[in-house]
1. Of the numbered conditions (1) surrounded by 14 or more Cβ atoms within 10 Å (Cβ to Cβ); (2) more than 8 Å from the chain's Cα centre (by Cα), K46 fails exactly one; give the number of that condition.
2. Checking M59 against (1) of a type in the set (A, V, I, L, M); (2) in contact with a strand residue (DSSP E or B) (Cβ under 7 Å, 6 or more places away or on another chain); (3) surrounded by 14 or more Cβ atoms within 10 Å (Cβ to Cβ), which single condition isn't satisfied?
Amino acid sequence: MKRDRFISQLKQDCGAAGLALVVDKKLGKGSHYRLEVRDGDRLVAKTTLKSGELSPAYMALVRRQLGL
């Protein structure tokens, strides 16, 4: 699965949980993105997401890091 499709799935999951997913394209190094899960103004979790094709194991790892 490509990164943009995965980010849209994460946004849907966060919305269903009452959280917000913030994608910052400038904080990651190179083509990496910084993802933050927020509950209002409070930062819940953050991680970095690489570009390109994402394996199911990598997507599970990112979901676990973000608490989804």
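The values are calculated or read from the model by the stated rules, or taken from the named source; none is laboratory data. These figures come from a predicted structure and were not determined experimentally. When we count neighbours, we look across all protein chains shown, and the Cβ atoms used for this are built from the backbone with ideal geometry, even at glycine.
1. Checking K46 against (1) surrounded by 14 or more Cβ atoms within 10 Å (Cβ to Cβ); (2) more than 8 Å from the chain's Cα centre (by Cα), the one that fails is (2).
2. (2)
Listed here are the residues, each with its yes/no results for (1) surrounded by fewer than 12 Cβ atoms within 10 Å (Cβ to Cβ); (2) more than 13 Å from the chain's Cα centre (by Cα); (3) of a type in the set (K, R).
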site: I7; (1), (2), (3): no, no, no
site: K11; (1), (2), (3): no, no, yes
site: A16; (1), (2), (3): yes, yes, no
site: L19; (1), (2), (3): no, no, no
site: V22; (1), (2), (3): no, no, no
site: K25; (1), (2), (3): yes, no, yes
site: R34; (1), (2), (3): no, no, yes
site: V37; (1), (2), (3): no, no, no
site: G40; (1), (2), (3): yes, yes, no
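Let's see how each residue does on (1) at pLDDT below 90; (2) at positive phi; (3) part of a loop (DSSP other than H, G, I, E, B); (4) not aromatic (F, W, Y):
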| site | (1), (2), (3), (4) |
| --- | --- |
| G30 | yes, yes, yes, yes |
| R34 | no, no, no, yes |
| V44 | no, no, no, yes |
| T48 | no, no, no, yes |
| S51 | yes, no, yes, yes |
| A57 | no, no, no, yes |
| A60 | no, no, no, yes |
| Q65 | no, no, no, yes |
| L68 | yes, no, yes, yes |
